[in-house]
1. Considering the alpha-carbon set of the range 67-109 alone, what are its Rg and its Dmax in angstrom?
2. Just add up the charged neighbours of residue 91: K/R +1, D/E -1, any other residue whose Cβ is under 10 Å from the Cβ of residue 91.
3. Let a ≥ b ≥ c be the square roots of the eigenvalues of the Cα gyration tensor of the range 26-65; is it rounded (a/c under 1.5), or, if not, prolate (a/b larger than b/c) or oblate?
4. With every protein chain left in place, what is the accessible area of residue 93 in Å² (1.4 Å probe, nearest 10)?
Amino acid sequence: MGTVTPWPHPGRATPQQTGFDRQELLRILDLYGRMVAAGRWRDYAMDFHRDVAIFSAFRRAAERPEYRIEKRPALRHRQGMWALVSEAGAILKRGDDLANILAPVERKLLKLVED
């Protein structure tokens, strides 16, 4: 008879994937929904890699994202694992708390609603 090999193979480590937990994703999607309601954003994308999870928000689907929200757990004890990146690729804000990272975008939302 043949042998049964357990899945995944015990000799190989499965690569870990960085992602958003439920509370983080709820917070990000709440902001996204409010920006869509204000007419600012139209599309989003999420990318998940070994060392980074990225949420990208687009004004239109055929261009670069207006903002990227990046989670890099490896930077947790250095610069902070969260980063807000602009369309040009500049890091606008970095830190440990997601609410502080989203604050500049939420301020822009308040300006849109007041106009």
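The values are calculated or read from the model by the stated rules, or taken from the named source; none is laboratory data. All values derive from a computational prediction rather than experimental measurement. We place every Cβ from the backbone using ideal geometry, glycine too, and count neighbours over all the protein chains shown. Ligands, DNA and RNA are stripped out before the accessible areas are found, and what is left, the full protein with its side chains, is counted by its heavy atoms. Shrake-Rupley method; radii C 1.70, N 1.55, O 1.52, S 1.80 Å.
1. 9.9, 30
2. Around residue 91, the charge tally is +2.
3. oblate
4. 70 Å²
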